[in-house]
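J.: Sharing a structure here in structure tokens format.
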Amino acid sequence: MNQGVIIRPETEKDYAKITQVNDLAFGQKNEGLLVEKLRQTENYIPKLSLVAELNKEVIGHILFYPVTVHSCGSTYSTLSLGPMAVIPAYQRKGVGRQLVFEGLEAAKALGHESVIVIGHPDYYPRFGFRLASKWDIQSPFEVPVEVFLALELVEGALRGKRGTVEYPKEFEEAI
Ligand SMILES: CC(C)(COP(=O)(O)OP(=O)(O)OC[C@H]1O[C@@H](n2cnc3c(N)ncnc32)[C@H](O)[C@@H]1OP(=O)(O)O)[C@@H](O)C(=O)NCCC(=O)NCCS
């Protein structure tokens, strides 16, 4: 269905379009602004801000951003998936699926071991995400337990990593 769609890392030329894609998909400015703010932070990973391109047009975007799991005295670095957006005219054609699959591959290739997401409980399990509570990993936000999900890119990566995730302040401001 999504023939011809390529997934690639963002370049500077894509910045405005990425904001626009987020604005259109979410119907508000919060997520586009969040991506712009995160891009200014030192932890931002340009190779994990991916666009879906069709006929040279950016029609989708996904971001993976590093966050920290804090447990008693120790910390563990993981990736947070989101925001993720596909412009309405191209939704439900598998573009989102392609962004997630190829994004997870890119993350793994860069040596990342796990990913967490606050997202729809019917959508993310198809990529292997499970309840983060399975590993006793908690969100700092008051969200239902079934929307806080995690995925091991490397088997066993989350074993013993229980704790609470700390997001950068930009995420809190966007909520
Ligand atoms: C969520 C989103 C990125 C998915 O992209 P997409 O290209 O439509 O996704 P796909 O075609 O790969 O998959 C479609 C599936 O996603 C599900 N889906 C789409 N939007 C959804 C949503 N907001 N909540 C839950 N499920 C959703 C559909 O049920 C569909 O499942 P099905 O194939 O079993 O019917 C896109 O719909 C979007 O931009 N939505 C608005 C922004 C948003 O909610 N982003 C996610 C939170 S960060």
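The values are calculated or read from the model by the stated rules, or taken from the named source; none is laboratory data. In this text the structure is predicted, and so the values were computed from the model without any measurement. For neighbour counting, all protein chains shown are included, and Cβ atoms are generated from backbone atoms with ideal geometry for every residue, glycine included. Protein only, heavy atoms only, side chains kept; ligands, DNA and RNA dropped before computing areas. Shrake-Rupley method; radii C 1.70, N 1.55, O 1.52, S 1.80 Å.
J.: If I take every Cα pair under 8 Å that is 6 or more residues apart in the range 1-123, average their sequence separation and divide by the length, what percent do I get for the relative contact order? Present the calculation step by step, with values, prior to reporting the outcome.
T.: On the way: 194 pairs, mean separation 32.3, N = 123.
Relative contact order comes out at 26 percent.
J.: While we're looking at this one, here's another question. Return the carbon/sulfur percentage of the accessible area of the chain, one whole number, probe 1.4 Å, all protein chains in place. Provide the component values of the computation, followed by the final result.
T.: Working: 4670 of 9380 Å².
C and S atoms contribute 50 percent here.
J.: On a straight-distance basis, which lysines could pair with LYS56 in a cross-link, Cα separation under 16 angstrom, same-chain partners fewer than 8 positions away excluded?
T.: The qualifying lysines are LYS13, LYS17.
J.: Say we join alpha carbon atoms closer than 10 Å with springs in a Gaussian network model of the chain; which of VAL100, VAL147, VAL86 then has the biggest fluctuation?
T.: VAL147
J.: Calculate, for VAL145 and ILE6, the FRET efficiency according to 1/(1 + (r/R0)^6) with r their C-beta to C-beta distance and R0 41 Å; round to the nearest 0.05.
T.: 0.70
J.: Right, another one. Say each of THR75 and GLU173 gets a label point 7 Å from the Cα, pointing the same way as Cα to Cβ; how far apart are those two points in nm?
T.: Calculated label separation equals 2.0 nm.
J.: Below 19 Å, Cα to Cα, which lysines can LYS161 reach? Residues fewer than 8 away in the same chain don't count.
T.: Answer for LYS161, where 19 Å is the Cα cut-off: LYS108, LYS134, listed by chain and number.
J.: Evaluate 2.2 N^0.38 Å with N set to the residue count of the range 8-162, then give the Cα radius of gyration divided by it.
T.: On the way: Rg = 15.2 Å, N = 155, 2.2 N^0.38 = 15.0 Å.
Here the answer is 1.02, to two decimals.
J.: Follow-up. Around ALA52, what is the net charge, scoring Lys/Arg as +1 and Asp/Glu as -1 over all other residues with Cβ under 13 Å from its Cβ?
T.: Around ALA52, the surrounding residues sum to 0.
J.: Still on this model: Tell me what the chain gives for mean residue ellipticity at 222 nm when only DSSP H runs of n ≥ 4 count, each as -39,500 (n - 2.57), the sum divided by the residue total, rounded to 500 deg cm²/dmol.
T.: -7500 deg cm²/dmol
J.: Let me ask you something else. Can you give me the long-range amide H partners of GLY163? Hydrogens built in the peptide plane at 1.01 Å from N, cutoff under 5 Å, separation of 5 or more residues or another chain.
T.: When sequence neighbours closer than 5 places are left aside, the close amide H contacts are ILE137, GLN138.
J.: Ok, one more. On a 0 to 90° scale, report how tilted helix 15-26 is relative to the longest principal axis of the chain, with both axes built from alpha carbons and the result rounded to the nearest 10.
T.: Around 80 degrees separate the two axes.
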